[in-house]
Amino acid sequence: IVGFSPFRLSTMRVVAALLCVAILFSAASAAPITKLGRTKLAPKAVKKGLGLDLCPLCVQFTSQSISELLNIILNAGVVGGCAELCGMLPQKLEQEACNLICDIVGIDAFIHLIEKADLDPIYFCELTTLCPVHDCEGQCVKITDAAVAPQSGPQGTTFKIGVAMQAFNQTSTGTIAFSVLPPDGMPFGDAELVPKGFSPGTFQAGAQIETQPSE
């Protein structure tokens, strides 16, 4: 975690803020970076095809559906196959992504891994081997520099955050998370998936924070 000095969000009154940048590892990760969130699955992303990187699709799908799938498994009992289980999901694209992943690992392994993953999407996708696993030993990744620009500004200012990192050893799939911890408000931020893990080298990550007047 890197801590920054408090900066102004308003010229009318000083609002102290602590900005923390956290690198969260599943064993952590590398370019390209994929946005996490409750975005809809893209139709093209769930089409079967050779050479398709299924790690981002798997994480995106399970981020949205793993809790629902676990409830279905616990309540439905014995199911006949992938089509029957995935067909219980409400959205067609969720069903297609579910079928794709389930067909790859098999229905028995799919159900077992959903239960074993304990609602952790990245862990589930690593268990399926759709996301790579590299057990990093020793020092894995170090933050070498961090900056916020501008250092202060009125409400409405967009603050840009930059972080430089050095990876010493290959890491697994993971996330980079940016979190803002206001002294008198709810924490907020964003996370990005790095599907292939960091290979040794230097990397940069960034985020933008738009400030709005408090009511």
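The values are calculated or read from the model by the stated rules, or taken from the named source; none is laboratory data. Given the structure is predicted, the values throughout are model-derived calculations rather than measurements. In this analysis, Cβ positions are derived from the backbone assuming ideal geometry, glycine residues included, and neighbour counts consider all displayed protein chains. These area figures cover heavy atoms from the full protein model, side chains too; ligands, DNA and RNA do not enter into them. Shrake-Rupley method; radii C 1.70, N 1.55, O 1.52, S 1.80 Å.
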- Message: Sort C98, C140 by heavy-atom solvent-accessible area, probe 1.4 angstrom, most to least.
- Response: C140, C98
- Item | Projected-area average for the stretch 138-189 over all orientations - Cα convex hull basis, square nanometres | 5.2 nm²
- Note on the structure: Karplus-derived 3J(HN,Hα) from phi for the stretch 173-190 (6.51 cos²θ - 1.76 cosθ + 1.60, θ = phi - 60°), whole Hz, x at Gly and Pro, runs 4, x, 9, 10, 10, 10, 10, 10, 10, x, x, 10, x, 7, x, 8, x, 8
- Message: Under the rule a/c < 1.5 gives rounded, and otherwise a/b versus b/c splits prolate from oblate, where does the stretch 122-215 land using the Cα gyration tensor?
- Response: prolate
- By how many nm would the segment from D118 to K92 grow when fully extended, if each residue of separation counts as 0.36 nm and the alpha-carbon distance is taken off? 6.9 nm
- Message: Between M186 and N71, what is 0.36 nm times their sequence separation minus the Cα-Cα distance? Round to one decimal in nm.
- Response: 38.4 nm
- Message: Can you give me the long-range amide H partners of C131? Hydrogens built in the peptide plane at 1.01 Å from N, cutoff under 5 Å, separation of 5 or more residues or another chain.
- Response: E126
- Query: How far is it, in nm, from the label point at E84 to the one at Q151 when both lie 7 Å from their Cα along the line to the Cβ?
  - Reply: 6.6 nm
- Query: For the stretch 56-96, rounded, prolate or oblate, judged on the Cα gyration tensor with a ≥ b ≥ c (square roots of eigenvalues), a/c < 1.5 rounded, else prolate if a/b > b/c?
  - Reply: prolate
- Query: Given 0.36 nm per residue, what is the gain on full extension from V133 to S199 after removing their alpha carbon distance, in nm?
  - Reply: 22.5 nm
